Every structure is written in C-alpha cells, then in structure tokens.
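The structure under discussion appears below in the form of structure tokens.
The values are calculated or read from the model by the stated rules, or taken from the named source; none is laboratory data. Note that the structure is a prediction, hence the values are computed from the model and not measured. Note: ideal-geometry Cβ built from the backbone for every residue, glycine included; neighbour counts use all protein chains shown. We work out accessible area using only protein heavy atoms, side chains counted, and drop any ligands, DNA or RNA first. Shrake-Rupley method; radii C 1.70, N 1.55, O 1.52, S 1.80 Å.
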Amino acid sequence: METIIRQVREDSINKEVISEASKVLQEGGIVAIPTETVYGLAGDALSSEVSHKIYEAKGRPSDNPLIVHISSVDDLYKLAKKVPEEALKLADKYWPGPLTMVLEKSELVPDTITGGLSTVAIRMPNNKIVLDLISESGIYLAAPSANTSGKPSPTTAEHVIADLSGKIDMIIDGGKVGIGIESTIVDLTSEVPVILRPGFITKKDLEEVVGDVEIDKAILQKNSNKGFVPKAPGMKYKHYAPKADMAIVLGDDDVVIDKINQLAQDKMKECKVGIIATTQTADKYIQGVEVKIVGSRENEATIANGLYSVLREFDKTDVEFIYSEGFVEDELGQAIMNRLFKAAGHNVMDLR
C-alpha cells in the first residue's frame, strides 16, 4: 500500500486536504491525524470492518478499547445510552481538550471498538484539523495512537511514518503535538468518577468540576494480564516501550544519580547504556553513557512533551539498556510515571 502524506497546519488549513482525507475515511480507509495529545490512527468508529483494519495496522489486541473522537457535545446523546450531568459539566470545562469520558454505550456503537464492553470512551480533541475532518466527513473517528502497538506513542508525523508508512491509507502531518501524552480517561459509569488513565487534566482539575474523583488502583501498579479486562486503552498491555530494556530509579535526586551512575558503570561492561535525565541533572552522569534530556523538573509539561520523543531517539542508537530518573507521582507527574512504568515493564528500583 502506498501511503498518502499531506502537510496541514491549524493556522492555515488546506480544505482540499481535509476533503481528500474525508473521502478516504468515507471509503473505509484509515488516516493518521494530529491531535493536541499524540497522533491518532483514525477510521469510522461505527464500522466493524474499519476497526479491524485499525487493530491490524497497529498490531493491537482487539480487547483493547478504542476512543471515539467527536466534534460536538450533541454527539454524546447518539453514542451514549445516557449522558450524566457530570459529563456535561466536564465537557463544558474541558472540551475540546485532552479528556476522555467513559459512558454506557448506545446500540449505535459496535462491540468491535469497545473490546466487547458495554461502555464507550469518547473525547472531543482540541485540534482544528481533526474537528474539521470529523465535520467534513460526517464520521465519528475511532482513533488510538498512530504507532505500532507497544511502541512509544507518536508526537510527530515522522514517528507515524516510521511505524505505519505502507500500512495505512493516509497521514496528515500537522507538526509536533502540544501536550505529548495521551488524554486523561475518566469513567463516569460508577457512583464516583474514576480515573482510568492519568493525563494532562489531573485529579485536582476534575474534582474542581464534579467533586470527589477516585483513581483506579491499576494505574500505578503492575497488572496481571490473565483475566484482566481493560476498560480503557493502555490498562492491560506493555505500552510506550523503546527497543532497549529499561529500568526506573526512584528517590531523592542525589541518591538516584549516584545509584544510576553505579548501575551504569557495571552495565557498560555488557552493553551500551543510555540515561533519561533532566536539564537539572544531565551533566552529573558518568562519561561513556548516552544521556538524553527529557525536560525540566521546574516545568513538568516539558517532561510530558519530551518523553516519547526521547524514547524514540534511543531507538535510533545502539543503546541496549536505559536507566531513567523518576518523578513525583502527583498531578501531571502521575501521568508521566504511569507512562514510564509501562515503558519499563514496571522494572523499578525504589530507593525512598
């Protein structure tokens, strides 16, 4: 398959490209799209045949639910059996934006995009290219991240091209994304809303709108795949992983740096070692290792934005083992650590 690649920017949208992509979607094709979080792999959410194409292109297990992207709050009433007041409050505050809501699905939604569950995950992305595409095509878009399943999510079109060129119909290059990690997912089907995946919108942000919010216990611990039924994308399988093996070291900065240097010194006898550091710590590691800066501890948003890019940069090197510093597991830091834990297969050394 020859993949069409078109460049579009939000501040100068080419209507011809939107029309071209709409036609691809209407004919049952799949299109990689930019969003404010990561690039998505989009197709008709109401078509079982298209959902199979998405799973096949990604190499994604079919029990891993897909998120449906919409362009109007009114679409909730078509896709959900009931729309609770909390959903409308959250939509009013955070849509369009990096928030996904899990609701009881209507009969319109096929089981093929929900992993066989009675719930559906829905969000309205904050990206004019995507919103125009949904409106122009008249199609609700099922759109998981546009990467090979298990690899770091794509934050540039180049990442998508590396993984999926020749496997999908079209890629819309909208430039580098703004946030860099996937949306927050909140389950609104229980009495108290539950965060199933942490993201840029935090527990505190949600509680300011709907009151008490709980965090699913599976988020920051290792899940047993056997018998585990994921209610949202990314809860069950290893995700975001670089080619190299990886370990995370937690603790006070000086202790972590000393321990990583010690571990790296020993590991270098076997293979090339990489280290994920911050602007504050990068110059404190031993010579001979490949150090990459993920962002600044003074601004967690830079770490979220740089995480997947750094993991993919290591894939271009001959590094075989990566040590990463850990981050405070609160607010946005919780989302960052959730991704790091999964990238490392929960290989963690806690020095606290």
Residue list for segment 109-126, filter: open to solvent by less than 10 Å² (accessible area, probe 1.4 Å) and closer than 18 Å to Pro198 by Cα
Val120, Ala121, Ile122, Arg123, Pro125
Checked Gly211, Gly234, Gly199 against criteria (at positive phi, open to solvent by less than 70 Å² (accessible area, probe 1.4 Å) and modelled with pLDDT of 95 or more); the one match is Gly211
Across segment 174-219, which residue is nearest to Val294 (Cα to Cα) among those that are in contact with a Lys or Arg (Cβ under 7 Å, 6 or more places away or on another chain) and not aliphatic (A, V, I, L, M)?
Glu182
From Ser62, Ser71, Ser48, which residue is of a type outside the set (Phe, Trp, Tyr) and farther than 21 Å from Glu182 by Cβ?
Ser48
Quick test of your reading of the structure: Pro65 fulfils all but one of (1) open to solvent by 30 Å² or more (accessible area, probe 1.4 Å); (2) outside any strand (DSSP E or B); (3) in contact with a Lys or Arg (Cβ under 8 Å, 6 or more places away or on another chain); (4) under 27 Å from Thr202 (Cβ atoms). Name the failing condition by number.
(1)
Single condition Ser106 does not satisfy, out of (1) over 23 Å from the mean Cα position of the chain (by Cα); (2) surrounded by 16 or more Cβ atoms within 10 Å (Cβ to Cβ)
(2)
Whichever residue in segment 1-21 is more than 16 Å from Asn127 (Cα to Cα) and among the hydroxyl-bearing types (Ser, Thr, Tyr) and, among such residues, is surrounded by the most Cβ atoms within 10 Å (Cβ to Cβ)
Thr3
Lone unmet requirement of (1) part of a helix (DSSP H, G or I); (2) under 25 Å from Ala32 (Cβ atoms) for Lys89:
(2)
Among residues belonging to segment 295-338 that are free of Cβ contacts under 8 Å to residues at least 60 places away in the same chain and in a strand (DSSP E or B), point out the one that is nearest to Ala241 (Cα to Cα).
Ser296
Set Val73, Val31, Val50: member being of a type outside the set (Asp, Glu) and open to solvent by 20 Å² or more (accessible area, probe 1.4 Å):
Val73
